[in-house]
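Take a look at the structure below.
The values are calculated or read from the model by the stated rules, or taken from the named source; none is laboratory data. Just so it is clear, the model here is predicted, and its values are computed rather than measured. Please note: Cβ atoms are built from the backbone with ideal geometry, for glycine as well, and neighbour counts cover all protein chains shown. Ligands, DNA and RNA are stripped out before the accessible areas are found, and what is left, the full protein with its side chains, is counted by its heavy atoms. Shrake-Rupley method; radii C 1.70, N 1.55, O 1.52, S 1.80 Å.
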Amino acid sequence: MRTEAEVGVRHRKPRSQRDAKVCQSTRSWKKQERRPPVSLRREPALWHRFQTSELAMGRQSLALSWAVATVLMLQMAAEERPPWTLHGKAEVFADLSAQELKAVHSFLQARKELGLQPSGSPSMAKNSVFLIEMLLPKKQHVLKFLDHGERRPVREARATIFFGAQENPNVTEFAVGPLPSPSYLRALSPRSRHQASWASRPISKVEYKLLLHTLQEATKPLHQFFLNTTGFSFQDCQSRCLTFSDVAPRGLASGQRRTWFILQRFVEGYFLHPTGLELLVDHGNTNVQEWTVEQVWYNGKFYRSPEELAQKYANGEVDVVVLEGPLPKGQGDESTEEPPLFSSYKPRGDFPRSISVGGPRVVQPNGARYLLDGNVVLYGGWSFAFRLHSSTGLQVLNLHFGGERIAYEVSVQEAVAMYGGHTPAGMQTKYMDVGWGLGSVTHELAPGIDCPETATFLDTFHYFDADDPVLYPRALCLFEMPTGVPLRRHFNSNFNGGFNFYAGLKGQVLVLRTTSTVYNYDYIWDFIFHPNGVMEAKMHATGYVHATFYTPEGLLHGMRLHTHLLGNMHTHLVHYRVDLDVAGTKNSFETLEMKLENITNPWSPRHRLIQPTLEQRQYSQERQAAFRLGRPLPRHLLFTNPKKNPWGHKRSYRLQIYSSAEQVLPFGWQEERAITWARYSLAVTKYRESEKCSSSIYHQNDPWNPPVVFEEFLHNNENIEDEDLVAWVTVGFLHIPHSEDIPNTATPGNSVGFLLRPFNFFPEDPSLASRDTVIVWPRDKGPNYIQRWIPEDQDCLKPPPFSFNGTYRPV
């Protein structure tokens, strides 16, 4: 069994537990007050005697308080953890540790037949390891191990190797095991007829360095042109250098590697500073000397080469746009230029009512209420494992509530952004972010901004385009927070200026969060766990918009955001895999809808009555359960278990999707083959080991012949009644950038996701087990009677004492 330091994540205690100057809190154990029976409420004399007895009991409560505390602590200690979370069983889902990554790296380097060189070698004609990540075992083997105590599945890694040092370069994936001491590797078979091509491989850091050198050399004839029009250059530029953003797909057909580059001024927020010049580079050859600039676009016109543009500029034949100053001194400069650069985060302007003090924050005077043990989380009724997959991102695994499995896997599969534009780069952009390392760009989270200071922060390791594991500090965070909205509440009026009772349950949730910064865009990924058995998956979009140089024609494809800046319209789509196991692996899919019936009123036959009725539909085949994106979905999407609850209904979980996305490409259109999952807002399939991912790191650079075609998952149209089912969920929204997206897109209104909600799964609301409930009973004399199950906190950050009046009398 590996220690905590050896698993794929490392824990950092919340700042409040590490700071020497934390508030010293004391726990005040107040009496556990009793709820008065309804019969007493109806008899004033007996109600008075009840109140009197309660006051008398208060004198004894102090002596009993520590006894109560002791009993509660013993009860908590006696609570049994779910068996699958004990004895390191959940490590079957854990990401590879740094030691395991190094072991795989060393094993591969020792295999002379592979002819491996360091990934950092400045050549494309080499064999090198690009990616190492955990290879998840087969589901049936994992469940036999977790649920039936059978043999632990062999732990393996997936290693992706670029074989460029041969006549026919290729990309091959291997399984390497057993870990932690590998002794074998075997080639992983691609899906039928779908081998990843050499041209489909992601761009490496070395390739980017070589491309920068190619651009610098190719644009030497434009040195004076750049200085005169932008004040920046590629040559001897020091603090005023040009940089670039590249777009994809890279070409117009399978096998091509031809990329459009947007040249930009390298300042804070350089994504918003295009120069008006874009270049098309063919870099498909492993011989860098064969790379060429094929076309140049500047301010609405095409040129065959940089030399042609330079010559026409010298002849006065170019419609030149001189970018305005004042010019910043460079990125990271400490100057306080006025006004700040429009792409900067530096504050400017004032609110009508200024705010100059810090705002509210989350505190945990009694410490965290969740348990984090390696890659396992326990919180109230919830227990689950998680991993941060380097290719695709965050995954929740073996999700249980109340000791029953709800889902085997809930995971991000892909995030795409489909653009339109007038410039060649703008019209070519169809980003498929797994191809850019969506799961590996999980950079540090800032306490108090990205996550509350009370969060537990976790480090992780990625082996992605590197020669050693790379530590990403604070890549994930786990925290509990108040939602600001009660989970449920009721004020029971007596309709005479008072109330019979008030009851409410605080809204508290547990959040597992990470981010992916894919160049300009930042995705915030949340899995949110509510105490009533509801789990929510949510994506928030922020960061810089992908922008191009403004031309009047560009207004057909976006909005003008600044003098020379166009924010290109685009659609964000995110694909999730939801492997539901609702109280077992034998599930069915059905929907409930409302329809109106027009009937004779039974208590007044001369009248008609219109009322809603339930319309239930069972789906037996995969094709029936594939719902087109953009079309209305049935309101209730239910995954059911044959077993029934005490009231005769099938125990179910409801999938509730919130999204506004519509179709982005016609069916079968060129690049659409890589995102056929985007045809459906929901598709339900039978579980297959060969259908574990809907995308890959290869789709971005060869969407015309991708290794995975999701549409093929539906071709066999399998039975989905009483089977192990997988829901594939697509969510997204159309983003038309506007001036308020400067400097960054804000998260409000730019979030999409789905919920998994119990639907007749429990006999009643399972959050009744929460002790966060408060009930208030009125008293004729004296303060109202407040019933709690968790004592109020007594610490230096204590909020005002809870009070509740409940009357509404005329004044």
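How many residues, within segment 578-613, are outside any strand (DSSP E or B) and within 27 Å of the chain's Cα centre (by Cα)?
5
Of the residues making up segment 722-761, just one is acidic (Asp, Glu), touching a strand residue (DSSP E or B) at 6+ places or on another chain (Cβ under 8 Å) and surrounded by fewer than 16 Cβ atoms within 10 Å (Cβ to Cβ), namely 722. Can we say residue 185 is open to solvent by 30 Å² or more (accessible area, probe 1.4 Å) and outside the structural domain of residue 462 (by the TED database)? So residue 185 fits the description; yes. Among the conditions (1) closer than 20 Å to residue 291 by Cα; (2) open to solvent by 50 Å² or more (accessible area, probe 1.4 Å), residue 234 misses just one, which is (2). Residue pairs whose Cβ atoms lie under 9 Å apart, sitting 6 or more positions apart in sequence or on different chains, and linking a residue in segment 265-276 that is under 13 Å from residue 564 (Cβ atoms) to a partner that is assigned to a helix (DSSP H, G or I) and of a type outside the set (Ser, Thr, Tyr), are 274/425; 275/226. For residue 176, the stated conditions do not hold, so it cannot be described as farther than 30 Å from residue 291 by Cα, open to solvent by 60 Å² or more (accessible area, probe 1.4 Å) and among the aliphatic types (A, V, I, L, M). Look at (1) closer than 30 Å to residue 402 by Cβ; (2) without any contact (Cβ under 8 Å) to a residue 12 or more places away in the chain and you find that residue 740 fails only one, number (1). Might you check whether a residue that is at pLDDT below 95 and either in contact with a Gly (Cβ under 8 Å, 6 or more places away or on another chain) or assigned to a helix (DSSP H, G or I) (or both) occurs anywhere in segment 672-689? The answer is no; no qualifying residue exists.
For residue 130, indicate whether it is more than 30 Å from residue 81 (Cβ to Cβ), open to solvent by less than 20 Å² (accessible area, probe 1.4 Å) and in a helix (DSSP H, G or I). Taking the combined requirement at face value, the residue does not satisfy it. Filtering segment 704-717 for residues that are in a strand (DSSP E or B) and either open to solvent by less than 20 Å² (accessible area, probe 1.4 Å) or under 29 Å from residue 534 (Cβ atoms) (or both) leaves an empty set.
Among the residues of segment 421-449, those that are open to solvent by 10 Å² or more (accessible area, probe 1.4 Å) and of a type in the set (Val, Ile, Thr) comprise 441, 449.
What's the total number of residues in segment 460-491 that are farther than 30 Å from residue 103 by Cβ, part of a strand (DSSP E or B) and without any contact (Cβ under 8 Å) to a residue 60 or more places away in the chain?
Within segment 460-491, residues that are farther than 30 Å from residue 103 by Cβ, part of a strand (DSSP E or B) and without any contact (Cβ under 8 Å) to a residue 60 or more places away in the chain number 2.
Take the conditions touching a strand residue (DSSP E or B) at 6+ places or on another chain (Cβ under 9 Å), touching a residue at least 12 places away in the same chain (Cβ under 8 Å), under 21 Å from residue 380 (Cα atoms) and not aliphatic (A, V, I, L, M) and apply them to residue 530. Does it pass? Yes: the conditions hold for residue 530. Being assigned by the TED database to the domain that holds residue 657 and either open to solvent by 10 Å² or more (accessible area, probe 1.4 Å) or not in a strand (DSSP E or B) (or both) is the requirement here; does residue 548 meet it? It is false that residue 548 is assigned by the TED database to the domain that holds residue 657 and either open to solvent by 10 Å² or more (accessible area, probe 1.4 Å) or not in a strand (DSSP E or B) (or both).
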